[in-house]
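The values are calculated or read from the model by the stated rules, or taken from the named source; none is laboratory data. Not measured: the values here are computed from a predicted model. Quick reminder, even Gly has a Cβ in these numbers, built from the backbone with ideal geometry, and neighbours come from all protein chains shown. Just the protein is used for accessible areas: all its heavy atoms, side chains included, with ligands, DNA and RNA removed. Shrake-Rupley method; radii C 1.70, N 1.55, O 1.52, S 1.80 Å.
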Amino acid sequence: MEISPPAKASLPDASAVIVRDPLPTRGDLDFRMIELLFFAYREFTADADSILEQYGFGRAHHRILHFVNRDPGMTIADLLELLQITKQSLSRVLRQLIEEDFVRQMPGAEDRRQRCLYPTQKGRDLTLELSRAQSRRIDAALGTTAPTDAAPIGSFLMQMASDRRATQEWFKKQGIDRKDPA
């Protein structure tokens, strides 16, 4: 009878070690702004989400409706670049918005191969309803600050949002000035 050597006690893989201490709010990283942005975004989108749910829509529908209403006639290519999504991601959502008559897709006036997007009145009305819900939350939050506080908040948001060329071009097109975003 052969006796096998005792099994070696294996050390746990470092990735499997359980960590019980929470990350500190302030330390190498300051988690305050991260969490403020997280929870602010959650609440900012929650108002619109509850309206969208009545239509069987989600945030992707909202984004498309928002930008098509802000720039009627924009091409699908422009929307893809602005939203930084794939054709596949856009396709299902856009098809639903078109089928339910919130958006119309039309060939370009100069280049018939282009697919230009226009909101219908139904799409405009829903966009305004969603935007009013979000504006109420913004106005309520700004109502707790001094009137001069909006400028640094706008500047902060501009700095956070304007890394991508498509976003910078959008701000320029829409007259959202880097020096006076609020």
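Considered as a group, the residues in the range 138-156 that are open to solvent by 90 Å² or more (accessible area, probe 1.4 Å) and in a helix (DSSP H, G or I) include one that is farthest from ALA46 (Cα to Cα), and that residue is THR148. Restricted to the range 26-49, and to residues there that are over 21 Å from the mean Cα position of the chain (by Cα) and open to solvent by less than 80 Å² (accessible area, probe 1.4 Å), the residue that is modelled with the lowest pLDDT is GLY27. What tally of residues in the range 100-137 results from selecting those that are assigned to a helix (DSSP H, G or I) and either free of Cβ contacts under 8 Å to residues at least 60 places away in the same chain or open to solvent by less than 60 Å² (accessible area, probe 1.4 Å) (or both)? Counting residues in the range 100-137 that are assigned to a helix (DSSP H, G or I) and either free of Cβ contacts under 8 Å to residues at least 60 places away in the same chain or open to solvent by less than 60 Å² (accessible area, probe 1.4 Å) (or both) gives 14.
A Cβ distance below 9 Å, combined with a sequence gap of six or more or placement on separate chains, defines the contacts here; from the range 72-83, residues that are closer than 12 Å to GLN114 by Cα reach residues that are outside any helix (DSSP H, G or I) and of a type in the set (S, T, N, Q) in the pairs THR75/GLN114; ILE76/GLN105; ILE76/GLN114; ALA77/GLN114. Listed by first and then second residue, the pairs linking a residue in the range 144-159 that is within 12 Å of ASP177 (Cα to Cα) and among the hydroxyl-bearing types (Ser, Thr, Tyr) to a residue that is open to solvent by 50 Å² or more (accessible area, probe 1.4 Å) and at pLDDT below 85, with Cβ atoms under 8 Å apart and 6 or more places separating them unless they lie on different chains, are SER155/ALA182. Evaluate the range 84-92: report whether one residue or more is part of a strand (DSSP E or B), surrounded by fewer than 16 Cβ atoms within 10 Å (Cβ to Cβ) and in contact (Cβ under 8 Å) with a residue 24 or more places away in the chain. No, the range 84-92 contains no residue that is part of a strand (DSSP E or B), surrounded by fewer than 16 Cβ atoms within 10 Å (Cβ to Cβ) and in contact (Cβ under 8 Å) with a residue 24 or more places away in the chain. Of the residues that make up the range 159-166, is at least one touching a Leu at 6+ places or on another chain (Cβ under 9 Å), part of a helix (DSSP H, G or I) and open to solvent by 90 Å² or more (accessible area, probe 1.4 Å)? Yes, that holds for at least one residue. Selection over the range 103-124 of residues that are within 15 Å of TYR55 (Cβ to Cβ) and in contact with a strand residue (DSSP E or B) (Cβ under 7 Å, 6 or more places away or on another chain) gives a count of 4. Of all positions in the range 128-144, at least one carries a residue that is more than 21 Å from ALA48 (Cα to Cα) and over 22 Å from the mean Cα position of the chain (by Cα).
Here TYR41, TYR55 are screened, and the one residue that is assigned to a loop (DSSP other than H, G, I, E, B) and at negative phi is TYR55.
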